[in-house]
Amino acid sequence: LYIMASRYEGLPLTCLEAMSSGLPLIVSNIPILTEFVEKSKAGIVVDFNDTKMAANSILQYLKDKQLIKKQGEQARRFITDGWDWKDISRKYLEEFQKLMQLSK
């Protein structure tokens, strides 16, 4: 499992790396992380502002070994089928170019 309890993220490369290793995600409920979990169907989203509720959600998730295994496989498939470093680097370059245009 990979846990990311951030309150803000851009494109989280560590999530992509974890997923490529077959790890399902446990992430905070911020838009980019929620989107990754929803699209990949490979993990859960929790509200880390409510630590008791977050802990309970994680404990319940940990009990379902079959779901964790399935979502780990789905995480790997999501990355291998839709992401590669060429795509990621292209997206970063596009964002940098947008920023360059804004700064002119």
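The values are calculated or read from the model by the stated rules, or taken from the named source; none is laboratory data. Predicted model, so just to flag it, every value in this text is computed and none were measured. So basically every Cβ, Gly included, is an ideal-geometry build from the backbone, and we count neighbours across all protein chains shown. Accessible surface areas use protein heavy atoms only, side chains included; no ligands, DNA or RNA. Shrake-Rupley method; radii C 1.70, N 1.55, O 1.52, S 1.80 Å.
With the cut-off at under 17 Å, measuring from each backbone N in segment 1-18 to a point 7 Å along the Cα-to-Cβ line of LEU99 picks out 8-14.
What chymotrypsin sites (Phe, Trp or Tyr not before Pro) in segment 1-76 are in a loop by DSSP, with at most 13 other Cβ atoms within 10 Å of the Cβ? Counting only loop positions with at most 13 other Cβ atoms within 10 Å, the chymotrypsin sites (Phe, Trp or Tyr not before Pro) in segment 1-76 are TYR8. Counting only protein heavy atoms and a 1.4 Å probe, tell me what percentage of the chain's accessible area is made up of carbon and sulfur. The value for the chain is 57 percent carbon and sulfur by accessible area. Taking θ as phi - 60° and the Karplus parameters 6.51, -1.76 and 1.60, the scalar couplings of segment 99-104 work out to 5, 4, 5, 5, 7, 7 Hz in sequence order, x denoting glycine and proline.
Cross-link pairs exceeding 28 Å in C-alpha to C-alpha distance, out of LYS39/LYS69; LYS52/LYS91; LYS65/LYS86; LYS65/LYS91, comprise LYS52/LYS91; LYS65/LYS86; LYS65/LYS91. Annotation: amide H-H contacts under 5 Å for MET4 (H modelled 1.01 Å from N, sequence separation of 5 or more, or interchain): ILE26, VAL27, SER28.
Overall, the chain carries a charge dipole of about 140 debye about its Cα centre when +1 sits on the Cβ of Lys and Arg and -1 on the Cβ of Asp and Glu, all other atoms neutral.
Note that segment 4-93 presents 62 Å² accessible area per residue, ligands and nucleic acids not counted, probe 1.4 Å. If you plug the beta carbon distance of GLU17 and LYS65 into 1/(1 + (r/R0)^6) with R0 = 25 Å, you get a FRET efficiency near 0.60. Here the 3J(HN,Hα) profile of segment 38-45, calculated from phi with Karplus coefficients 6.51, -1.76 and 1.60 at θ = phi - 60°, is 5, 5, 7, 6, 9, x, 9, 10 Hz, Gly and Pro shown as x.
Label sites at ALA55 and GLU73, each approximated as a point 7 angstrom past Cα along Cα to Cβ, lie 3.4 nm apart. As a ratio to 2.2 N^0.38 Å, the alpha-carbon radius of gyration computed for the chain takes the value 1.19.
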